[in-house]
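Participant: Pasting a structure here, questions to come.
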Amino acid sequence: MIALFSLAVATLGTFPQEPAEAQVPDGPTQISWQRSLEDALATQQKTGLPLLVVVNMDGEVFNERFAGTTYHDREFIASTNKYICVIASPDRHSARDYDALGNRIECPRFKGCTCSEHINIEPELYRRYFDKKRNAPRHVGVTPAGKILYDRFLDRRMSVAIDAIKTHEGKGKSKHLANTEDVAEMFRRRDTMARSLLEQRYRKGNKDERSKLLKAAAKAQNDPIDLLRMGLRDPDEDLVGLAAIAISRVGGPNSLIDIEDALARISNDHVRRQLIEQLRKLGKTDSNAARMASNFESSKDQLARPWRNAWQDTKLTAREGIEAELDRVEAAIRGKPKNPALRLQLATAQAAFATMLMAQGGQGIGFWLADAERNAGKVEDESLEFEKKALLAITSWYQSKGSDAQKAMVEAMASGSSTREPDAWLAAIFLDVVLQITAQNAFARAQADNSVSLRGEITRTRTVLDLIGQRDAGLERGTLAGIALFEHAGLRAEARTRLEHTVQRFPASLTVHDRWRNRMMVDLGAELMRHRYAKHVTEANDRATAQWYAGYAALIAAERHTLDSRNIEAENAYADSIERFADSAASNEGYADTANHYAVLALAGRAQIRLQKKNLTGAAKDILRAIELRVQSLDEDDGLKRKPRSIGSRIQAALATAGKAELAEQLANALDQ
C-alpha cells in the first residue's frame, strides 16, 4: 500500500502562469519600471533622462498609498515618463517569476518587473544612492552624470516627493516608451518596452518567426535573456536548441542559471560543449562561472582495491541470513578467538544486524554498532586492513561520529594492491556511506566558499555510482546523496538520468519517485515529465506500481497546466491520471484506497475545467464518479488548495441556474453524504 501524501504543485519549480496578453499599450497607463539597474543606466545614457529610484515596502500607510494610488495616477505617471524608473521592494507579491513556457509573471503590485527583480535590485541601489540609510517610501532623482537631484524620505506629506518628481522631470524625448516594429531596434534597446515587444513577438510567432528571433538574439548586445528563457522552455526541441546556442554566445554572469538550465535540457554534445566553453570564458572574471565550468570537466578515477575486485556472495541481506551467520561465526570464534578473519566476519555480521534494525525500526541499534566497532578494532591483519577500515567507517557514520567516519573512509579508499574479494554486503554498505560522506563534505565546502570547485567529489561520486550501478548494489540513501551533489553542482542532466535508473532499482520508493518527478518538472516541464512516466509504465515489471506513480505524475502535470492557464493540456493530463489510477487500483487491491483518493482529486480538477467550458453535464458526472470512488476525499485539498466538495457545489449551483434541475438535485443529494 502507498501512503497518502500531500500535493505541493506550487513549490515544484519556478515556472509561473501565462501572462496577460499585450504588455504594450499605445500609451503608458502604468509606470515603466525597468527590469534591472544595468538596463536603466544604459537607457538613461541613450535618452539623457534622469533616473528615478523608488523604494517601497508593504504594510506602512504612506507606502501603501504611494503603491496603491499615486503610482496609478495618470498625472503622476506622465511625470515619470520623463524619467528612467526603477523600483526596489523587499516584499514578494507573486510566488513565481516565470511560467512553464518561460513567460514572465509580473509583480501585481509593480507591473513591468518581476518580484525577483524589485527584490534583487536593492543592494546596488543602496550602495550607490542611499547614503547608508534604508527608508521607505523613498524617491531619489539622479542625473545621467550621477548627481543626486533630490532624495525624499521621511516627509510629513506625500506631496513633497510628488512635487520634487514633477519639478525635476527630464526635458528630452521619452525614447524608452516608443513602440516600434523594427526588430533590429528592439535588439539594440535595453528598456522594458523593447524587451516586451520582443517577447510578445515571440509569443505570437510561428516556428519560423521564433527561429529568426532566436538566431538574432545570438548576435544581440542587449542581453535578451527573457526572450531566451522563453526559447529554452519552448515545446519545440529545435527552438530549444537555438535558444541554447544563443545563450552559449551572449550569456553573461547574470545568466549562469540559464546556462545551467540549457545544459539540463540539451543533449546535443556540440551545443553542450559551446555552453561549457562560454562558462570558461566567463570564468576568467567570474568565480561562479569558473566553478560551474570546473564541475563539468571530466576526470578519471578508479576505486582502490579491493572495492573494484569481484565481491563475494553475501548472506547478510535478510534477518534469517544474518542470524545464521552470527551463529556460525560465534561458534567458530570460540575455538579460534584470535583469528582475524573470523573477527572481521563477526564485526561484519554485527554491523549488518544493526543496519537491519535501522530499516525495521528495531531496538538496540547502538549496542550492535558498538560491538561491531569493537570487534573490527581487534582485527590485526594487514591483508584485511581495507575491510576493517570500511567497517569502522560504517559504524562511525551510523553513530554520528563524522570525523572518525571520514578518517576511516579515506584509509579504506587508499590505493593498494589487495586481491581480496570483500563481502558484497560490506562493499555495498561501505560505498553507500562513501557517497553520503562525500556529499556532506562537498556541501560543507561549498557553504564555506561557494566559488570552490567540487570536481574531486564529483569524480569520486560518479565512480562509486557507476560501480554500484554495474553490480546492482547500493542503497537508496547514499545513491540519492550522490545525485544531490550532481544537482548542487549544476549537473542536472546527469542527475536526472541517474534518478531514472534509481527508480528502476527502487520502483516503489516514494522518495525516489519524488526526486525524479521534481527533477523532470524543473528541467523538462510538466508535459515531458508526464510522457516520460508513460514510457516508464511500458518498461516496468510491476505495472500496478508504475501506473500509480504515473497517475500521480499526470495529476501533478495537470495541476501545473491549470496553474499556467493551459486548460487543454490540463484536461488531457487529468484524464490520463484518472485512467492510470483506475488501472493501478484494479491491478493491485493494496493500492486501491490511495489510487481512488487521488483519482477523486483528478476528477474534481477536470470537473472544474469542464465547468469553465460550460460542459455542466460532464462536470457533474465527474463529481458523481468521485463521490462513488471515495466520499471521504471530498473535503481534502488538491495541490491548488481546492476541495472537490467545493467544486461540486459550484457545479450544482451552475446546473440549477441553467435550468437542469434534475441533475442539480442528483448532485446536491450526493454531496450531502
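The values are calculated or read from the model by the stated rules, or taken from the named source; none is laboratory data. Given the structure is predicted, the values throughout are model-derived calculations rather than measurements. FYI the Cβ positions are ideal-geometry reconstructions off the backbone, even for glycines, and counts take in every protein chain you see. Areas reflect the complete protein model, heavy atoms only, side chains present, ligands, DNA and RNA absent. Shrake-Rupley method; radii C 1.70, N 1.55, O 1.52, S 1.80 Å.
Participant: Hey, can you tell me all the residues within region 550-579 that are more than 19 Å from the chain's Cα centre (by Cα) and closer than 14 Å to residue 513 by Cα? Can you show your working first?
Facilitator: Kept after step one, since they are more than 19 Å from the chain's Cα centre (by Cα), are these residues of region 550-579: 550-551, 565-579.
Residues satisfying the conditions are 550, 551.
Participant: Turning to a different aspect of this structure: Tell me whether region 464-473 contains one or more residues that are under 23 Å from residue 308 (Cβ atoms) and without any contact (Cβ under 8 Å) to a residue 12 or more places away in the chain.
Facilitator: Applying the first criterion (under 23 Å from residue 308 (Cβ atoms)) to region 464-473 yields 464-473.
When the remaining residues are screened for being without any contact (Cβ under 8 Å) to a residue 12 or more places away in the chain, the result is 466, 470.
Checked region 464-473: at least one residue is under 23 Å from residue 308 (Cβ atoms) and without any contact (Cβ under 8 Å) to a residue 12 or more places away in the chain.
Participant: I'm trying to understand the selection: among the residues of region 641-657, which are under 32 Å from the mean Cα position of the chain (by Cα) and open to solvent by 40 Å² or more (accessible area, probe 1.4 Å)? Write out each step before concluding.
Facilitator: Applying the first criterion (under 32 Å from the mean Cα position of the chain (by Cα)) to region 641-657 yields 641-647.
Those that are under 32 Å from the mean Cα position of the chain (by Cα) and open to solvent by 40 Å² or more (accessible area, probe 1.4 Å): 641, 642, 643, 645, 646.
Participant: Oh, and also: I'm told residue 557 meets every condition in (1) surrounded by 18 or more Cβ atoms within 10 Å (Cβ to Cβ); (2) within 28 Å of residue 96 (Cβ to Cβ); (3) in contact with an Asp or Glu (Cβ under 6 Å, 6 or more places away or on another chain) except one. Can you identify the failing condition by its number?
Facilitator: (3)
Participant: So, of the residues in region 239-270 that are open to solvent by less than 10 Å² (accessible area, probe 1.4 Å) and over 15 Å from residue 217 (Cβ atoms), which turns out to be nearest to the chain's Cα centre (by Cα)?
Facilitator: Checked region 239-270; the qualifying residue nearest to the chain's Cα centre (by Cα) is 264.
Participant: Return the residues of region 241-288 that are basic (Lys, Arg) and not in a helix (DSSP H, G or I); say none if nothing qualifies. Outline the logic, then answer.
Facilitator: Filtering region 241-288 for residues basic (Lys, Arg) gives 249, 265, 272-273, 280-281, 284.
Once the filter is applied, which keeps residues that are basic (Lys, Arg) and not in a helix (DSSP H, G or I), region 241-288 yields only 284.
Participant: Tell me yes or no: at least one residue of region 140-157 is in a strand (DSSP E or B), without any contact (Cβ under 8 Å) to a residue 24 or more places away in the chain, open to solvent by 50 Å² or more (accessible area, probe 1.4 Å) and under 18 Å from residue 37 (Cα atoms).
Facilitator: Looking through region 140-157, at least one residue is in a strand (DSSP E or B), without any contact (Cβ under 8 Å) to a residue 24 or more places away in the chain, open to solvent by 50 Å² or more (accessible area, probe 1.4 Å) and under 18 Å from residue 37 (Cα atoms).
Participant: Out of 655, 634, 667, 663, I need the residue that is within 19 Å of residue 598 (Cα to Cα) and modelled with pLDDT of 95 or more. Which one? If you could, list the steps in order and put the result at the bottom.
Facilitator: Working: 655 fails: within 19 Å of residue 598 (Cα to Cα); 667 fails: within 19 Å of residue 598 (Cα to Cα); 663 fails: within 19 Å of residue 598 (Cα to Cα).
None of the other options fit; the residue is 634.
Participant: Still on this model: Report whether or not residue 438 is open to solvent by less than 20 Å² (accessible area, probe 1.4 Å) and in a helix (DSSP H, G or I).
Facilitator: In short, yes.
Participant: If a residue must be among the hydrophobic types (A, V, I, L, M, F, W, C), touching a residue at least 24 places away in the same chain (Cβ under 8 Å) and under 19 Å from residue 330 (Cβ atoms), how many such residues does region 359-401 contain?
Facilitator: 7
Participant: Every residue in region 302-332 that is open to solvent by 90 Å² or more (accessible area, probe 1.4 Å) and of a type in the set (Lys, Arg), please.
Facilitator: Passing the criteria: 315, 319, 328.
Participant: How about region 326-351: which of its residues are hydrophobic (A, V, I, L, M, F, W, C), under 20 Å from residue 385 (Cβ atoms) and either touching a Phe, Trp or Tyr at 6+ places or on another chain (Cβ under 6 Å) or modelled with pLDDT of 95 or more (or both)? Step through it out loud before you land on a result.
Facilitator: The initial filter retains those residues of region 326-351 that are hydrophobic (A, V, I, L, M, F, W, C), namely 326, 329, 331-333, 341-342, 344, 346-347, 349, 351.
Narrowing further to those that are under 20 Å from residue 385 (Cβ atoms): 329, 333, 341-342, 344, 346-347, 349, 351.
Hits for region 326-351 are 329, 341, 342, 344, 346, 347, 349, 351.
Participant: Please go through (1) in contact (Cβ under 8 Å) with a residue 24 or more places away in the chain; (2) among the β-branched types (Val, Ile, Thr); (3) out of contact with any Asp or Glu (no Cβ under 6 Å at 6 or more places or on another chain) for residue 459 and return the number of the only condition it doesn't satisfy.
Facilitator: It fails just one condition, (3).
Participant: Select from region 289-307 the residues that are among the small types (Gly, Ala, Ser) and either part of a helix (DSSP H, G or I) or touching a Gly at 6+ places or on another chain (Cβ under 7 Å) (or both) and write down the one among them that is farthest from residue 249 (Cα to Cα).
Facilitator: Within region 289-307, the first condition is being among the small types (Gly, Ala, Ser), and the residues that meet it are 289-290, 293-294, 298-299, 304.
Next, from what is left, pick out any that are either part of a helix (DSSP H, G or I) or touching a Gly at 6+ places or on another chain (Cβ under 7 Å) (or both): 289-290, 293-294, 304.
On the way: 289: 14, 290: 16, 293: 15, 294: 19, 304: 41 Å.
Here the answer is 304.
Participant: Let me ask something else. Might you let me know whether region 531-547 holds any residue that is open to solvent by less than 20 Å² (accessible area, probe 1.4 Å), in contact with a Lys or Arg (Cβ under 7 Å, 6 or more places away or on another chain) and in contact (Cβ under 8 Å) with a residue 12 or more places away in the chain? Before the answer, list the steps.
Facilitator: Just the residues of region 531-547 that are open to solvent by less than 20 Å² (accessible area, probe 1.4 Å), to begin with: 533, 536-537, 544-547.
Restricting the remaining residues to those that are in contact with a Lys or Arg (Cβ under 7 Å, 6 or more places away or on another chain) gives 537, 547.
Checking which are in contact (Cβ under 8 Å) with a residue 12 or more places away in the chain leaves us with 537, 547.
Yes, there is a match, as at least one residue in region 531-547 is open to solvent by less than 20 Å² (accessible area, probe 1.4 Å), in contact with a Lys or Arg (Cβ under 7 Å, 6 or more places away or on another chain) and in contact (Cβ under 8 Å) with a residue 12 or more places away in the chain.
Participant: Could I ask something else about it? Which of the residues belonging to region 95-115 are surrounded by fewer than 16 Cβ atoms within 10 Å (Cβ to Cβ) and at pLDDT 95 or above? Even if it seems obvious, please write down each step before you answer.
Facilitator: Taking region 95-115 first, the residues surrounded by fewer than 16 Cβ atoms within 10 Å (Cβ to Cβ) are 95, 108.
108 - this is the single residue of region 95-115 that is surrounded by fewer than 16 Cβ atoms within 10 Å (Cβ to Cβ) and at pLDDT 95 or above.
Participant: Still on this structure, please answer the following. Taking the residues in region 172-214 that are more than 20 Å from residue 42 (Cβ to Cβ) and not in a helix (DSSP H, G or I) as candidates, determine which candidate is farthest from the chain's Cα centre (by Cα).
Facilitator: Initial filter on region 172-214 (more than 20 Å from residue 42 (Cβ to Cβ)): 181, 200-214.
Pick out the ones that are also not in a helix (DSSP H, G or I) and you get 181, 205-206.
Details: 181: 37, 205: 29, 206: 29 Å.
Once the filter is applied, the top-ranked residue is 181.
Participant: Quick one: would you say residue 226 is closer than 15 Å to residue 186 by Cβ, charged (D, E, K, R) and assigned to a helix (DSSP H, G or I)?
Facilitator: yes
Participant: Of these, 451, 418, 400, which one is open to solvent by 60 Å² or more (accessible area, probe 1.4 Å) and part of a loop (DSSP other than H, G, I, E, B)? Full working, then the answer.
Facilitator: Values: 451 fails: open to solvent by 60 Å² or more (accessible area, probe 1.4 Å); 418 fails: open to solvent by 60 Å² or more (accessible area, probe 1.4 Å).
The match here is 400.
Participant: Within region 308-325, track down each residue that is part of a loop (DSSP other than H, G, I, E, B) and closer than 25 Å to residue 385 by Cα.
Facilitator: 308, 309, 310, 311, 313, 314, 315, 316, 317
Participant: Then there is this: Here is a list: 201, 249, 210, 308. Which entry is at pLDDT below 95 and of a type outside the set (S, T, N, Q)? Break it down into steps so the answer makes sense when it comes.
Facilitator: Details: 201 fails: at pLDDT below 95; 249 fails: at pLDDT below 95; 210 fails: at pLDDT below 95.
Residue meeting the stated conditions: 308.
Participant: While we're here: Within region 564-602, can you find the residues that are free of Cβ contacts under 8 Å to residues at least 24 places away in the same chain, among the hydrophobic types (A, V, I, L, M, F, W, C) and within 23 Å of residue 521 (Cα to Cα)?
Facilitator: Once the filter is applied, which keeps residues that are free of Cβ contacts under 8 Å to residues at least 24 places away in the same chain, among the hydrophobic types (A, V, I, L, M, F, W, C) and within 23 Å of residue 521 (Cα to Cα), region 564-602 yields only 568.
Participant: Please list, ordered by residue number, the helices (runs of 4 or more DSSP H) wholly in region 555-662 having 3 or more residues that are of a type in the set (Asp, Glu). Lay out the reasoning, then the answer.
Facilitator: On the way: elements: 567-587, 592-612, 616-629, 644-657.
Qualifying helices (runs of 4 or more DSSP H): 567-587.
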